[in-house]
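The values are calculated or read from the model by the stated rules, or taken from the named source; none is laboratory data. Because the structure is predicted, anything quoted here is derived from the model rather than measured. Glycine gets a Cβ as well: all are built from the backbone with ideal geometry, and neighbour counts include every protein chain shown.
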Amino acid sequence: MKLLRAALNSNAALMNIKLGAWDDAVRAATGALEVEGVPDKDRAKALFRRGLAHNQAKDEDGALADLQAALKLAPEDAAVKAELAAVKKTAAARLAKEKAAYKKFFD
């Protein structure tokens, strides 16, 4: 029964991602992760989906944490690697933009 609950929450997270309901996707994926005894493969999937939702909700720190955890559980997953690289690139671009904006204040 627990594994069914985890699967349903994980699928609800995917559905909410498809609908663009990022907060609901995070909540559903978190619900899947709260279930004990879930295999690493399914846990990685829920972390990946929560990472996607965090990224779309502009929470890069949450996305990085979830995607790095997913990568530890599923190191060969190409989708996790690609999304993690994309989030890192976005975070680096945002940081560079912030540095440029703050530099104007001190020149």
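Could you tell me whether any residue of segment 23-32 is modelled with pLDDT of 95 or more and assigned to a loop (DSSP other than H, G, I, E, B)? So far as segment 23-32 goes, no, none of its residues is modelled with pLDDT of 95 or more and assigned to a loop (DSSP other than H, G, I, E, B). When Thr30, Thr90 are checked against the criterion of being more than 28 Å from Lys2 (Cα to Cα), of a type in the set (Ser, Thr, Tyr) and within 15 Å of the chain's Cα centre (by Cα), Thr90 stands alone in meeting it.
Conditions (1) outside any helix (DSSP H, G or I); (2) without any contact (Cβ under 8 Å) to a residue 24 or more places away in the chain, marked per residue:
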site: Ala12; (1), (2): no, yes
site: Met15; (1), (2): no, yes
site: Lys58; (1), (2): yes, yes
site: Lys88; (1), (2): no, no
site: Ala92; (1), (2): no, yes
site: Lys97; (1), (2): no, yes
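Filtered by the rule that a residue be buried (at least 19 other Cβ atoms within 10 Å of the Cβ) and among the small types (Gly, Ala, Ser), segment 13-29 gives Ala13, Ala25, Ala28, Ala29.
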